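One structure is given here, and the rest of the page talks about it.
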Amino acid sequence: MTHPASTSSSADGAPSRRVVVIGEEPVPPPPPFAAGATDSGPARPPLPAGDPATLGEPAARVVLKPRRAQPFHFRHPWVFDGAVQRIEAAGDFTTGSVADLVTDSGEWVARGLLHADANLKLRLYSWDQERPLDRGLFAERIASAASLRTRLFGAPTATDARRELFSEADGLTGLTVDRYGEYLTVQFTAGPLAAHQETVLDLLEAQFSPKGIFIRTEKGMGEAEAIHLTDGVVRGEAPPEGFAVEENGLSWGVDLAAGQKTGLYLDQRDNRRAAADLVAAATPGAKVLDLFCYSGGFGLTMLARGGATSVRGVDASESALGLAVMNAARHGSADACTWTNGKAFEVLDAMKASGERFDAVVCDPPKMTRTRKSVENALRGYHQLNASCLELLNPGGVLVTCCCSGLISREKFGQMLAGVAARVGRPLRILENRGAAPDHPTAPQVPESEYLKCLLCVAD
């Protein structure tokens, strides 16, 4: 959506600057830019009216409502519609246009990219007024993220799988980049950044020299952010048939084109290993139930390094279970596995009715809420799931329970689990309260970036 400049005139006949009103009540327009001071304060320099589709000089100014600037001074990068008083523009702007964020008194705060049509109105990328928001800044952020992963994990190989760039934590809100060997998967979760897709892909090619780049879309983001992208190869080539990567000493087949997430749940890498080690110590020879198993990550790792003797994997996706079957064959553990295609709640009810029991249960559901309004409903869903899991667990068994909903805090998730233990009458001891692997860092100024909770528990 493009917003043309107004043709109205000021009292002296000079063209006035267009003001776009955001919010329910109109806000009187500020005085026109002038060389000298005005009654409302010192003059501000005019905004350039450059090409809104390019990075560089700002095409607009976003003015905050009174007393709304503190989170952005502390570098939270999301400016929602409700905090915005008005948008001022000297010319055209559109989704992806560079804009400056200022307080209601005109104090400069930060610089970012506008969204013309979304509730999340501005994504912030720079808090240095002298630094333009351009290709150079994006290139530096990508290089910094890649350098950190190399220091943590070493130079990548053809079988490595890791997150190379993680949105807010790496200074590029709305962009996630995962490496699978010599291929990259890219997710845009911000419409303004997706508007600069070709620039971002150019920079990723320059930094990583991949054989191929896949675009992967996240459910719900296309509508919320007006992102019109489709999954598939956008640069280079697709990997060969039977493509696999290494994790925890095991080979994992991945589907970069259609697999869940970006191909593999990389954030759970270290948790899969830790859970397997706990099973080996606490319940040797375990019979394992792996709910929402996807390609078998938790259960198959427990077989390979946790001393488990059998795994029952459950997932609603037939294609996911196809990957799990292939991975079990890769590991030589096909005979120890049973795979069930079905909805977790229904499968759990059937298992309880038949009297099945397990020594270890993994509960790793997909995100259950995307809005604050639905948090309480999601917590009820987590409660029901975990209560059923606990009812199926033998005394002294291991419960691995996870939550990837960023809007549910670690405290709230723990309180939910306490309620489950009280309802079922089974004391729980949390042995480890874990998060995402270190290639998925969090940003302290963005609490929402600490999204993954993984609790390793033992039930009496």
> Amide H of T217: which non-local residues (sequence gap of 5 or more, or other chain) have their own amide H closer than 5 Å, using H built in the peptide plane?
Replying inline: D231
> Whole-Hz Karplus ³J(HN,Hα) for the range 397-409, in order, using 6.51 cos²θ - 1.76 cosθ + 1.60 and θ = phi - 60°, x for Gly and Pro?
Replying inline: x, 9, 10, 10, 10, 10, 9, 10, 8, x, 7, 9, 6
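Please report the antiparallel percentage of the DSSP beta bridges confined to the range 191-319, to the nearest 5. Working shown, then result.
Details: 8 of 13 bridges.
Of those bridges, close to 60 percent are antiparallel.
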>> Given points 7 Å out from each Cα along the Cα-Cβ axis, report the L152 to K219 separation in nanometres with one decimal.
In response: 2.6
>> Quick one: 3J(HN,Hα) in Hz for the range 260-271, Karplus 6.51/-1.76/1.60 with θ = phi - 60°, rounded, Gly and Pro as x.
In response: 5, 6, 9, x, 7, 7, 5, 5, 8, 3, 6, 5
>> Given the options A281, A190, S374, identify the residue whose Cα lies farthest towards the positive end of the charge dipole of the chain (+1 on Cβ of Lys, Arg; -1 on Cβ of Asp, Glu).
In response: A281
> Mind checking which lysines have their C-alpha under 18 Å from K219, skipping anything on the same chain fewer than 8 residues away?
Replying inline: K261, K367
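Between the DSSP loop rule and a limit of at most 15 other Cβ atoms within 10 Å, which GluC sites (Glu not before Pro) in the range 329-424 are left? List each step's numbers first, then the result.
Numbers: sites: E346, E356, E376, E391, E411; in loops: E356.
Those that pass, being in a loop and sparsely packed, are E356.
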> Can you give the relative contact order of the range 131-195 as a percent, counting alpha carbon pairs under 8 Å and 6+ residues apart?
Replying inline: 24
> Which stretch or stretches of the range 335-355 have amide N atoms under 13 Å from the point lying 7 Å from T309's Cα along the Cα→Cβ direction?
Replying inline: 336
> If the convex hull of the alpha-carbon atoms of the range 404-460 is projected onto planes in all directions, what is the mean projected area in square nanometres?
Replying inline: 4.2
> Once both axes come from the Cα atoms, what is the angle between helix 375-391 and the longest principal axis of the chain, in degrees from 0 to 90, rounded to 10?
Replying inline: 10
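Give the percent of DSSP beta bridges with both residues in the chain that are antiparallel, rounded to the nearest 5. Let's see the in-between values first.
On the way: 57 of 84 bridges.
Beta bridges within the chain, antiparallel portion: roughly 70 percent.
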> Using the Cα gyration tensor of the range 199-267, with a ≥ b ≥ c the square roots of its eigenvalues, what is the shape: rounded (a/c below 1.5), prolate (a/b larger than b/c) or oblate (neither)?
Replying inline: oblate
> Between L229 and E411, what length in nm is gained on full extension when 0.36 nm per residue of separation is reduced by their alpha carbon distance?
Replying inline: 61.9 nm
> Considering amide H positions built from the backbone, and no H for Pro or chain starts, which residues 5 or more places from A286, or on another chain, come under 5 Å of its amide H?
Replying inline: A308, T309
>> Per residue, how large is the accessible surface of the chain? Use a 1.4 angstrom probe and give square angstrom.
In response: 43
> Could you give me the ³J(HN,Hα) list for the range 358-372, computed from phi with Karplus coefficients 6.51, -1.76, 1.60 and θ = phi - 60°, whole Hz, x at Gly and Pro?
Replying inline: 9, 8, 8, 10, 10, 10, 10, x, x, 3, 9, 8, 10, 10, 5
> In terms of Cα to Cα distance under 14 Å, which aspartates and glutamates are near enough to K352, apart from those fewer than 8 places away along the same chain?
Replying inline: E391
> Tilt of helix 197-208 relative to the longest C-alpha principal axis of the chain, in degrees (0 to 90, nearest 10)?
Replying inline: 60
>> Of the listed values (i) 22.1, 80; (ii) 21.9, 68; (iii) 25.3, 87, identify the label whose number matches Rg and Dmax of the Cα atoms in Å calculated from this model.
In response: (iii)
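Among 248-255, 283-290, what's the highest-first ranking by average C-beta atoms within 10 angstrom per residue? Intermediate values should be presented prior to the final figure.
On the way: 248-255: 17.6, 283-290: 22.6.
The peptides rank, most packed first, as 283-290, 248-255.
Just order 295-305, 132-142 by mean Cβ neighbour count inside 10 Å, highest at the front, would you? Walk me through the intermediate numbers first.
Values: 295-305: 26.7, 132-142: 17.5.
Result, highest mean first: 295-305, 132-142.
What is the range 205-330 by shape, rounded, prolate or oblate, if you read a ≥ b ≥ c off the alpha carbon gyration tensor as root eigenvalues and call it rounded for a/c under 1.5, prolate for a/b larger than b/c, and oblate otherwise?
Numbers: a/c = 2.29, a/b = 1.86, b/c = 1.23.
Note, shape of the range 205-330 comes out prolate.
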>> Quick check: the angle from helix 135-153's long axis to the longest principal axis of the chain, C-alpha only, nearest 10 degrees?
In response: 20
>> Report the Cα centroid-to-centroid distance between the range 238-290 and the range 311-340 in angstrom, as an integer.
In response: 11
> What spacing in nm lies between the two simple spin-label points modelled at A238 and T338, each 7 Å away from Cα in the Cβ direction?
Replying inline: 3.5
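Can you pull the percent of the chain's accessible area that's carbon plus sulfur, 1.4 Å probe, other chains left in place? Walk me through the numbers on the way to the answer.
Working: 10070 of 19650 Å².
Ligands and nucleic acids excluded, carbon and sulfur give 51 percent.
The values are calculated or read from the model by the stated rules, or taken from the named source; none is laboratory data. Nothing here was measured: the structure is a model prediction, and the numbers come from that model. Because the Cβ atoms are built from the backbone with ideal geometry, glycine has one as well, and the counts that use them run over all protein chains shown. Just the protein is used for accessible areas: all its heavy atoms, side chains included, with ligands, DNA and RNA removed. Shrake-Rupley method; radii C 1.70, N 1.55, O 1.52, S 1.80 Å.
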